[in-house]
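The values are calculated or read from the model by the stated rules, or taken from the named source; none is laboratory data. Remember, predicted model here, so these are calculated numbers, not experimental data. Glycine gets a Cβ as well: all are built from the backbone with ideal geometry, and neighbour counts include every protein chain shown. Ligands, DNA and RNA are stripped out before the accessible areas are found, and what is left, the full protein with its side chains, is counted by its heavy atoms. Shrake-Rupley method; radii C 1.70, N 1.55, O 1.52, S 1.80 Å.
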Amino acid sequence: MADPILELRQLKKRFGATVAADDLSFSVMPGEFFTLLGPSGSGKSTVLRIVAGLERPDSGAILIEGRDISASPPWERDLGMMFQQYAIFPHMTVAENIAYGLKIRRVEQAKTRRRVEEMLALVGLSGMGGKRATLLSGGEQQRVALARALAPAPRMLLLDEPLSALDERIRRLMQAELKHVHQNIGTTFIYVTHDQEEALTMSDRIAVLNRGVFVQCDKPEPLYKRPRTRFVAEFFRGCNVLTAKALGASDGGIRILLANQEFVAIAPEERTLGAEVHVAVRSENVYFGSHAPESAIRLSARLVEVVYRGTVLDYRFLLPDGQPLVAMTTRHFPLSREGSVTLAIDAADLILLAD
């Protein structure tokens with residue numbers, strides 16, 4: 001197995017009372033698309049700036065290919081970086097922007113020209129090298145910024161929410177483009193975003209941060225389908241988090257009482273029985289009407305509202321104990337707000353959270 005290209009060991013960073021990194025440790029493998037995901041103030045951009053050498057940690061170590069570079073200045077770390085702003089040089093052409101890092105490194109002109117042409121082709125801008133960069137669209141300027149960051153062939157590329165200034169259509173196109181570029185060149189990408197869908201779409205692994213702490217680090221699918229904590233479950237859109245009571249141990253899990261119905265939930269760890277627990281179920285796994293699987297356990301609920309969201313509809317219910325529950329479907333069902341509706345949840349889709 002390959003050694004990590006990047007390791008952070010017990011990293012700590014505070015800004016007054018604000019904790020940006022709290023004894024943070026993680027590693028990134030060569031060629032990985034690794035994403036730091038979290039809300040504003042979670043510390044993700046600060047961690048990226050510490051890796052880049054733009055911030056100094058209070059304590060801890062940063063290792064690149066096994067060498068501690070904690071005290072090394074940014075220009076000695078051989079890293080590329082993309083920011084939220086394009087930072088395109090307005091007085092330069094597209095080719096001159098891309099060649100900037102090579103010029104600083106005094107790469108000979110013939111090699112620079114070949115590398116610029118390679119980068120233009122890589123980001124889909126062939127034939128546009130002579131244009132003024134400021135005449136390009138936002139998405140095209142972001143491609144120029146990507147090509148400029150990759151031109152010197154850094155061992156890692158750090159990306160700090162580079163797509164946040166783009167409109168939704170261009171942002172989706174650039175997500176696919178970044179993933180395509182990553183797969184083609186194999187450079188390690190460390191990406192920062194607050195957008196869950198963006199992280200799920202692009203990443204090999206995702207680390208969710210909250211107040212400087214890694215809450216969960218996993219591949220996209222298990223992170224989305226099997227969150228371990230309330231924070232992760234609530235952070236990803238479409239996940240219901242409900243309060244239940246643990247009744248006792250059962251084969252393969254714990255019996256719980258939820259809205260006056262008993263379920264068996266898989267337990268991630270030992271529990272103090274009788275305590276209040278939290279369970280999660282994704283809204284697409286809450287069934288009603290003819291779609292409910294026969295093996296699922298039924299719950300009575302009252303319809304509150306239906307929210308149209310384009311390709312899907314959210315049916316918002318209240319359970320008998322007053323807890324809200326959302327069921328997501330692609331079909332419209334003529335449900336009445338009078339009386340009760342029978343919902344169904346498969347026990348395998350019920351996730352017992354660790355807090």
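With the structure loaded, tell me whether N285 is in contact with a helix residue (DSSP H, G or I) (Cβ under 9 Å, 6 or more places away or on another chain) and either modelled with pLDDT of 95 or more or farther than 30 Å from P4 by Cβ (or both) or whether it fails that test. So N285 passes the test. For the range 324-350, the set of residues classified as open to solvent by 30 Å² or more (accessible area, probe 1.4 Å) and of a type in the set (S, T, N, Q) consists of T330, S336, S340, T342, listed by residue number. The residues of the range 171-181 that are loosely packed, with under 15 Cβ neighbours inside 10 Å and under 16 Å from the mean Cα position of the chain (by Cα) amount to a single one, A176. Within the range 75-94, the set of residues being under 29 Å from the mean Cα position of the chain (by Cα) and either closer than 22 Å to H194 by Cα or among the polar types (S, T, N, Q) (or both) comprises G80, M81, M82, F83, Q84, Q85, Y86, A87.
With respect to being under 24 Å from S25 (Cβ atoms), at pLDDT 90 or above and crowded, with 18+ Cβ neighbours inside 10 Å, L242 falls outside the description. For the range 63-170, which fully contained helices (runs of 4 or more DSSP H) count at least 1 residues that are exposed (fewer than 14 other Cβ atoms within 10 Å of the Cβ)? Filter on the range 63-170 gives 94-104, 109-122. The residue of the range 1-31 that is most open to solvent (accessible area, probe 1.4 Å), among those that are touching a Gly at 6+ places or on another chain (Cβ under 7 Å) and part of a loop (DSSP other than H, G, I, E, B), is D3. Residue pairs whose Cβ atoms lie under 8 Å apart, sitting 6 or more positions apart in sequence or on different chains, and linking a residue in the range 300-312 that is more than 19 Å from Q261 (Cβ to Cβ) to a partner that is of a type in the set (A, V, I, L, M, F, W, C) and surrounded by 14 or more Cβ atoms within 10 Å (Cβ to Cβ), are V304/F317; V304/L318; V306/L313; V306/L335; V307/L313; V312/M328. Quick one: in the range 218-248, which of the residues that are over 20 Å from A348 (Cβ atoms) and assigned to a strand (DSSP E or B) is farthest from the chain's Cα centre (by Cα)? The extreme case among them is K245. Considered as a group, the residues in the range 203-217 that are over 8 Å from the mean Cα position of the chain (by Cα) and within 16 Å of M156 (Cβ to Cβ) include one that is surrounded by the most Cβ atoms within 10 Å (Cβ to Cβ), and that residue is R205.
For the range 176-216, residues that are part of a strand (DSSP E or B), within 22 Å of F231 (Cα to Cα) and aliphatic (A, V, I, L, M) total 7. Has the range 39-55 got any residue that is touching a residue at least 40 places away in the same chain (Cβ under 8 Å), part of a strand (DSSP E or B), over 23 Å from E197 (Cβ atoms) and touching a helix residue (DSSP H, G or I) at 6+ places or on another chain (Cβ under 7 Å)? No, the conditions are met nowhere in the range 39-55. Among the residues making up the range 322-341, those that are part of a loop (DSSP other than H, G, I, E, B) and modelled with pLDDT under 90 are T330, R331, H332, F333, P334, L335, S336, R337, E338, G339, S340.
Yes or no: the range 301-314 includes at least one residue that is under 22 Å from F231 (Cα atoms), open to solvent by 40 Å² or more (accessible area, probe 1.4 Å) and modelled with pLDDT of 85 or more. No: the range 301-314 contains no residue that is under 22 Å from F231 (Cα atoms), open to solvent by 40 Å² or more (accessible area, probe 1.4 Å) and modelled with pLDDT of 85 or more. If you filter the range 32-56 down to residues that are at pLDDT below 95 and touching a Ser or Thr at 6+ places or on another chain (Cβ under 7 Å), you find that the one that is surrounded by the most Cβ atoms within 10 Å (Cβ to Cβ) is G53.
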